[in-house]
Every structure is written in structure tokens, then in C-alpha cells.
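Worksheet: one structure, shown below.
The values are calculated or read from the model by the stated rules, or taken from the named source; none is laboratory data. Quick caveat: nothing in here was measured; it's all calculated off a predicted structure. FYI the Cβ positions are ideal-geometry reconstructions off the backbone, even for glycines, and counts take in every protein chain you see.
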Amino acid sequence: MKKTIILSFILTCIFIFAPAFMVQFDDNSQGKVNTETLNKNNDKSNSDKKTINNSSDKNNLDKKTVTEDVAIFSSNTCFKKTYYIAANKVDVYTDNSGKGKVLFQLAKNDVVVAYKSENGYIYCEENKCGKRGWIKNNKDNLKGIVYKKTDYILDVDLIKQNINVIKNDNTIRTISCSTGIMGNQDTETPLGIFYVQNKGEYFYSNKYKEGARYYIKFFSNYLIHSIPVDEKGNIIEDERKKIGFPCSHGCIRISVKDAEWIYKNIPENSAVIIHY
């Protein structure tokens, strides 16, 4: 009799409390978990808190949604921020006092890289000649830009230290590289979407006492070029060993063979996308 009462009590408890546990696994609850997981996976740069939400297309490149921050590409681990100009004849000033003289003007869709922000202005470098000055930080001057699709894309990953060469949405080549030293405002490689401006077979910098064979210019004085060479054009052997590690002054270094391939195969105006 005792056993029968105990057994009845246990069965009654099961029928009463079991539904309360079972409803935790309904479709809506599970769908919410999956959505959160997918959102995290779709944008691998979430950990860097970039101010742009990438879409879930194959390369996360084609469609971008800008948040309240006008900066398009930035990171908590970077000093530099990349902005795009919203209108024609945007003034660049000597200082951020509101009374500074106009140094020059920028055109719509020009790209600038900012080094600091003060008093409602950004101190930035322009794309073509590397001129610097202050711009009022507002949405009349600065904006998000719609990505312009090109046949070739150089997709530079600062974490993996490699370049994926993409042609018509297919990766055709992966190149090991060395980008700028991180955590230093003067040597970081800027994040953002840029385009190949011009290219050449050789250059030499008196400032750094080294040059390179084969280069493409994508922003201001930032290049993708070969391992450094000396003034006679000879490879600096110590620099060869650094490929795959961030060690440059801001440019992106690759092997001579890869630099020659990019020089010969990547046309001007191709997109260069740099990200974490």
C-alpha cells in the first residue's frame, strides 16, 4: 500500500512539472539562439567593434550599413579611422579652433584617414598627396560610402597577415604579407576600402633608406610592394624573414614574385579592402 502511494505521488509530480521544462525547447526559443550565433559568425570583425556592420554575403564586401558613428572603418585596437567625404568642396582647415584658414578642399567620395579627433574636428590625411589638416566632423562633410564592385579585389587580412586576390567573387590566389606595426599611430596600416591609384616597377625612399621592386599605390603614400631593397636594388635579407608578421612602416610587403604578379595582373581602380 505504501509503495502504491509513493509511486502515485511520483507519477503525479512528473505530469505536473514536466511541461514546465519541455516548453523551454519550443521553435521560437531555439530560433533566437541560432540567429544570435549566425550574427556573430557573419561578421568576424565584431570582436574589434568596427563601426560598420558587414552583410552576410560571401565575402562580406558588397553591402555595408553605417552606424551612428560617421567613421566607416575603425577599431578599438587602432588609432586611425577612415572616413569618406559626403559633398564637393569640403574645407580642410589649419586648426580646429573654428577660425582656421582653409588649406585645401576635398571632393565627394574622397577618402581620408584620421589620426585624432578634437573639438568636433578630425585631423586627417587626404588620399592623393598625403596633405593633412582639420575637417569638421559632421554628416554634411563625412559619410558612409557604397562599395563599388570591381573585377579584382585585394582583400587584406591584418590578423592572418595575408592577401586574398579575388576575381569575379572567386579567390584565385592567397599571398602572405607583412603589414604595419600595430599599436603605433605612425606605422599602422589603415583600415578601409581603397582603390589602386597607380603602380610602378621600382621606388626608393631616402627617409627610410630602402626601396622596393614592383608596387601599387592604394592610399596617400601607402603601397603594396615587394620586400625592401637597398639603394642598389638588392633584397635586404633580414627583411625577407619578416613576411607573415606586422613589421612595416604602414605599407604592405610581399615577396618579389608576388609583387610582380600583382603589378602585372591587378588593374588600376581595383578595390583594396583592409580589415581585421
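Observations on the model:
- In the range 76-92, residue farthest from the chain's Cα centre (by Cα) [restricted to those that are outside any loop (DSSP other than H, G, I, E, B) and over 25 Å from Y276 (Cα atoms)]: D91
Per-residue answers, yes or no, for (1) within 22 Å of I216 (Cα to Cα); (2) not assigned by TED's automatic domain parsing to the domain that holds I266:
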site: F104; (1), (2): no, yes
site: V113; (1), (2): yes, yes
site: Y123; (1), (2): no, yes
site: I135; (1), (2): no, yes
site: N162; (1), (2): yes, no
site: N184; (1), (2): no, no
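- Answer residue from the range 134-163, given it is among the β-branched types (V, I, T) and closer than 15 Å to N109 by Cα and is modelled with the lowest pLDDT among those: V146
- When N170, N206, N164, N141 are checked against the criterion of being among the polar types (S, T, N, Q), without any contact (Cβ under 8 Å) to a residue 12 or more places away in the chain and surrounded by 15 or more Cβ atoms within 10 Å (Cβ to Cβ), N164 stands alone in meeting it.
- Considering the range 126-185, and only residues there that are out of contact with any strand residue (DSSP E or B) (no Cβ under 8 Å at 6 or more places or on another chain) and basic (K, R), the residue that is farthest from W261 (Cα to Cα) turns out to be K139.
- Figure legend. Inter-residue proximity from the range 254-276: first residues more than 18 Å from Y195 (Cβ to Cβ), second residues of a type in the set (V, I, T) and modelled with pLDDT of 95 or more, beta-carbon distance below 6 Å, spacing 6+ or different chains. Indicated pairs: I254/I175; D258/I175; Y276/I159.
- If you go through the range 215-246 and pick out every residue that is under 21 Å from D157 (Cα atoms) and either touching a helix residue (DSSP H, G or I) at 6+ places or on another chain (Cβ under 8 Å) or not assigned by TED's automatic domain parsing to the domain that holds T189 (or both), you end up with 7.
- Filtering the range 260-276 to residues that are over 21 Å from the mean Cα position of the chain (by Cα) and either basic (K, R) or buried (at least 20 other Cβ atoms within 10 Å of the Cβ) (or both) leaves only K264.
- Residue that is nearest to S248 (Cα to Cα) [pool: residues in the range 209-227 that are of a type outside the set (G, A, S), touching a residue at least 40 places away in the same chain (Cβ under 8 Å) and crowded, with 20+ Cβ neighbours inside 10 Å]: I224
- Residue match in the range 205-221 (condition: among the hydroxyl-bearing types (S, T, Y), closer than 29 Å to Y147 by Cβ and in contact with a Phe, Trp or Tyr (Cβ under 7 Å, 6 or more places away or on another chain)): yes
- Checking each residue in the range 262-276 for being over 18 Å from Q161 (Cα atoms) and part of a helix (DSSP H, G or I) picks out Y263, K264, N265.
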